[in-house]
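K.L.:
Before anything else, here's the structure in question.
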Amino acid sequence: MVETESGVHWRPRDWIAAAALFATTSAVVLWQNAHAAILWDLGYVLDSAARIAAGQIPYRDFPFAHAPLTFLIQAAIIRLTGRVYFHHVLYVAALGGASTVLTWRIALRLLRGRAAAAWSASLLLAAPLTLLGIYCILPHPEYDCDCVFCLLAALWLLLRADRNKASGFAAGVALIVPLFFKQNIGLPFLAAAVGAVALTLAIDHTGESGNRRALWPVLAGAAVALAAALLALHWTVGLGNYLHWTIGFAAARRLPGLSAILNIYRDPALLWTLPCIAAAMGLLVVGGKKKPALAHWISIAAFALLSAPFLFALAALAIYEDADERSDALLSLWPLLLSLAAVLAAANLLRRKPGLLAWLPLILLATIHGAFLSQQLWGSTYAIWPLFVLLAAELLAALEEFLARRSRPRWFSPAAAALVSATLLICGGFYIVSEERLSYAQLPDAPPARSATPALAGMATPGPFLSEFDELLRYAEAKIPSSDGVLLLPGEEPFFFASGRAPRFPVTLFDPATLPYSPAEVAAQARAHGIRWLIVKRNLQIKEDPTPERAATLDALMAEFTLTEQLRGYDIYLRP
């Protein structure tokens, strides 16, 4: 059985490849969870989910700056299976594996008919996601990662939308879903994808892109799904509340200036990598026209120039000993790829190529730059490597089309796919082993310690952090009545998830992106919500405590609380 444009019929090799990609990616996610728990990120998601599972409603009952779906899914896991940390690990492992398979199938769709050996090329490009997949770098439940998975599913449906009306309507519905996982990723994706469908319908009057009638249901599905989502929000939490916290408040706290986004294009490496690519393309244009005997050597020279940026990323592993410099060499491939994709998008626009495929580079560019609104290049790429792979597939397909119009060497584009794959596999392996992206947290070079708390079975990270947290949980079980309100500062650990207590203070994590209160308002909220116990963590896993106005907040609270106990990592205060 074969896979055709009209339907999906998998050969045995497809099932074997999918199983291998899924299993390997999931194994990497499980390995990461077995030794690198990042309490700051994990605590926020699990405590927020525990609060929702207990019946509290975000936006209405407490301030909440993030879109809801990641937290609702984790809350559902808690309600269905109990407070068991490992169940959440299984969720991220399964989603990570599925995202790699999805990316492979989309890449295969992009390359089929446009590149030689499309099946092997797509598999080569997807292979690095076994190390750089959505949950491989930060292996905890996270909204960016969930959003990218849903985005991939929506793209997969969108690229099949011209086959029949049902597929088109489903694709339209799927376009809305990422918006409710992560605003800054989902909104640009939605706008770009809907715009691409509308422009395809406007430009392609001849129907060259396929069944144009099947694209109208995409717009209908998106409109129906968005209307349903907004009505559900209005009836449950209040649309005004939702927009205030997830758009107004979130943008005020996290939205960077334009210069911060454009800063990625000030990478000094572009001064030599872009000329190398331009020179390679120039050689491919003129090579062999007048002197066919030289065509082979000109192709080799062009491939060497094309390879230079990737070979430098590989060479950096030997040149530099510092993990930060090695990761910079890998991450410098992002602005190069984005620049080349922008050129491809402009070329497609100028040629007015029909079909959704012509707009895919623009959709991906809009989505990636939306992701950079959170933490720019270094901080935001951990979940969007599948989009890098899809851009690479688009560029590879364009290269193949470019070469097909000339006397092309048949080895060129397969070799390019192998080069990209090898670079990402090798450099990506060093990247995740060094845990450079997680360097904002303390991960001592020591065997991982495991939690002794039943709800946290399977959680492990080096250092004293989990043993100190276990001590706090034992103290709370013995000394703090379950009916008493507890406030943790800064709230790094999943205290409420592990203890089964319901949070009473409106915020569980003191971070600029989540805290809407001044120091005086924090103290007032503590009084208003009957907080009797204040727990201040002394030994943070995160290297820099981002608590807004920490000293002033502590001063405001200390006026009302008295120190009653000192544990190894925590100070316990009680309101007299």
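Any read-out appearing in this document is the output of simple, stated calculations on the displayed coordinates, not a laboratory observation. Every value quoted in this text rests on a predicted model; they were computed, and no experiment measured them. Positions of Cβ are generated from backbone atoms using ideal geometry, with glycine treated the same way; all protein chains shown enter the neighbour counts.
K.L.:
Subtracting the Cα-Cα distance from 0.36 nm times the residue separation, let me have the gained length for Ala223 to Glu521 in nm, one decimal.
P.N.:
Gain in length upon complete extension: 103.2 nm.
K.L.:
Nearest 5 is fine: what % of DSSP beta bridges in the chain come out antiparallel, could you say?
P.N.:
Once the DSSP bridges in the chain are tallied, antiparallel ones form about 70 percent.
K.L.:
Run the helix sum for the chain: -39,500 (n - 2.57) per DSSP H stretch of 4+ residues, divided by residue count, reported at 222 nm to the nearest 500 deg cm²/dmol.
P.N.:
-19500 deg cm²/dmol
K.L.:
Among DSSP beta bridges lying fully in the range 449-574, give the percent that are antiparallel, nearest 5.
P.N.:
70
K.L.:
Would you calculate the separation in nanometres between label points at Ala452 and Trp297, each defined as 7 Å from the Cα along the Cα-to-beta-carbon direction?
P.N.:
Label-label distance for Ala452 and Trp297, simple model: 7.3 nm.
K.L.:
Moving to a separate point now. Obtain the nm distance between the two label points defined at Glu401 and Glu560 by a simple spin-label model: each point lies 7 Å from its Cα along the Cα-to-C-beta direction.
P.N.:
6.4
K.L.:
Next question, about the same structure. Helix check for the chain. Which DSSP H runs span at least 15 Å along their own axis by Cα, with a mean Kyte-Doolittle hydropathy no less than 1.0?
P.N.:
The qualifying helices are 69-81, 85-111, 143-158, 165-176, 183-203, 216-236, 270-286, 295-319, 333-351, 360-380, 385-404, 412-434.
K.L.:
Got a sec? Which residues in the range 49-89 would a label at Ala552 touch, if it sits 7 Å along Cα→Cβ and we count backbone N under 14 Å?
P.N.:
none
K.L.:
Also: Determine the gain in length on full extension of the stretch His529-Ala502; use 0.36 nm per residue of separation and subtract their C-alpha separation, reporting nm with one decimal.
P.N.:
8.5 nm
K.L.:
Still on this model: What percent do you get for the relative contact order of the chain when only Cα pairs under 8 Å and 6+ apart count?
P.N.:
20
K.L.:
Taking a cut-off of 12 Å between Cα atoms, list the aspartates and glutamates near Lys543, but don't count ones fewer than 8 places away on the same chain.
P.N.:
Glu492
K.L.:
Between His35 and Leu231, what is the spin-label point distance in nm, taking each point 7 Å from the Cα along the Cα→C-beta axis?
P.N.:
5.2
K.L.:
Amide H to amide H, which residues 5 or more places from Ala449 or on other chains are under 5 Å from it, using H placed in the peptide plane?
P.N.:
Thr461, Gly463
K.L.:
Suppose we flag trypsin sites (Lys or Arg not before Pro) only when DSSP calls them loop and at most 16 other Cβ atoms lie within 10 Å. Which is the longest uninterrupted stretch of the chain?
P.N.:
Longest run free of exposed loop sites: 411-537.
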